[in-house]
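The values are calculated or read from the model by the stated rules, or taken from the named source; none is laboratory data. Every value quoted in this text rests on a predicted model; they were computed, and no experiment measured them. Note that each Cβ is placed from the backbone with ideal geometry, even for glycine, and that neighbours are counted across all protein chains shown.
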Amino acid sequence: MGSFLSCCGPKESDEGYLDRNIAGGNTSWRIFTYKELHTATNGFSEDNMLGEGGFGSVYWGKTSDGLQIAVKKLKAMTSKAEMEFAVEVEVLGRVRHKNLLGLRGYCAGSDHRLIVYDYIPNLSLLSHLHGQFASELRLNWQRRMRIAIGSAEGLLYLHHEVAPHIIHRDIKASNVLLDSDFEPLVADFGFAKLIPEGVSHLTTRVKGTLGYLAPEYAMWGKVSESCDVYSFGILLLEIVTGRKPMEKLPGGVKRTITQWAEPLILGGRYKNLVDPKLRGNFDENQVKQAISVAVLCVQSDPDKRPKMKEVVSLLKGCEPKEKAIPTRIQSVKYEEELLELDQPSEDDVGGNPDDSGVFKSLEVQKMQDSYNHKHHGDWRLNRNV
């Protein structure tokens, strides 16, 4: 992990910590000692566990100065796990935005890797759309739109305002956390790619979650900012409709959210697209605008998708200046070989289908305001293309 230590600072000593500033003093973080984190989490007690996945476990903790934190602890020192750790620390060390999950610090000893985040009290968007809080309707229409706009603004910052530009590569409901005011925080940068100036796209190993993956990325490994735009379009449809990006029908047939939505959009039946749990309490004009933005984002041709600057502008109600918004959605049908991979993969870290998002699944909430949530069919795709 020499490259990680060179870009993120010297290897930490278990005797103390250093205060650091990255990107011109824009973001401050700490190098924690293992002893500090061991004490803060009560010895990484099971009672403090917020969730676990193939990579390891996440624990709630409280530092000696009263700061509540969440600590992600790698289970095994595999090369893939260490790479995700290094990428996430480097990316989070570079960015600071109200809609991105903050980095509090990390700990990198000879036999352990830990990332320390701010503790966020309201779980993930996934838990409110499909998990244990879905029936409680904590997400009214106004909150949903704030979550959509805030998430888009976080991506806009990554794509256009930080240098080098950053592609997240894993935008989905489990990677959008909600603070005490239900403001969104885009999280989990383990798959992120830093794009050098003047480079439009990269070809890389495919990682992500089926249903959210842009077709050019899923099929050929071609990744660019427009891949995040596509994933955001799927997320936006999910926020409006309350449906999962990929669902299994009777007989085992799998249908994407775009395939379900296409006839309703084509027929102009926008009210029928809205999550029925809202019971008609929504702004129809905002629904039409949000669906129109989603349709733009999920076009199969990446060159026709908008930039995140335009997405944010449109979501805030601004009229498009040059690009006419299409009325017909272009449903992407994943190839059968990809659909067959919609199951645990031993090639990935831990081979765990629930291994997605910063804070993983638990069957029982163990402490008040914890992050835990149950996942619904998430998986990690990790293959050479």
Condition first: among the hydroxyl-bearing types (Ser, Thr, Tyr), within 14 Å of residue 58 (Cα to Cα) and either in contact with a Lys or Arg (Cβ under 7 Å, 6 or more places away or on another chain) or free of Cβ contacts under 8 Å to residues at least 24 places away in the same chain (or both). Now tell me which residues in segment 103-127 satisfy that.
117
Taking segment 238-261 as the region of interest, how many residues are under 26 Å from residue 143 (Cα atoms) and part of a loop (DSSP other than H, G, I, E, B)?
4
With at pLDDT 90 or above, under 19 Å from the mean Cα position of the chain (by Cα) and either β-branched (Val, Ile, Thr) or not assigned by TED's automatic domain parsing to the domain that holds residue 171 (or both) as the only criterion, which of 129, 100, 92, 50 stands out?
100
Criterion: closer than 23 Å to residue 143 by Cβ, within 17 Å of the chain's Cα centre (by Cα) and assigned by TED's automatic domain parsing to the domain that holds residue 302 - qualifying residue of 233, 208
233
Scan segment 100-116 residue by residue and report those that are surrounded by 22 or more Cβ atoms within 10 Å (Cβ to Cβ) and closer than 19 Å to residue 150 by Cα.
100, 101, 103
Selected residue (only one of 266, 314, 296, 273 is modelled with pLDDT of 85 or more, assigned by TED's automatic domain parsing to the domain that holds residue 160 and exposed (fewer than 14 other Cβ atoms within 10 Å of the Cβ)):
266
Cβ-Cβ under 8 Å, sequence separation 6+ or interchain: first residue in segment 250-278 and free of Cβ contacts under 8 Å to residues at least 12 places away in the same chain and more than 19 Å from residue 293 (Cβ to Cβ), partner buried (at least 16 other Cβ atoms within 10 Å of the Cβ) and of a type in the set (D, E, K, R). Which pairs?
255/247
For segment 118-151, enumerate the residues that are among the aromatic types (Phe, Trp, Tyr) and within 27 Å of residue 68 (Cα to Cα).
119, 133
Looking only at segment 139-166, how many residues end up being modelled with pLDDT under 95 and assigned to a loop (DSSP other than H, G, I, E, B)?
3
Going by the conditions given, is residue 91 part of a helix (DSSP H, G or I) and either closer than 27 Å to residue 157 by Cα or in contact with a Cys (Cβ under 9 Å, 6 or more places away or on another chain) (or both)?
yes
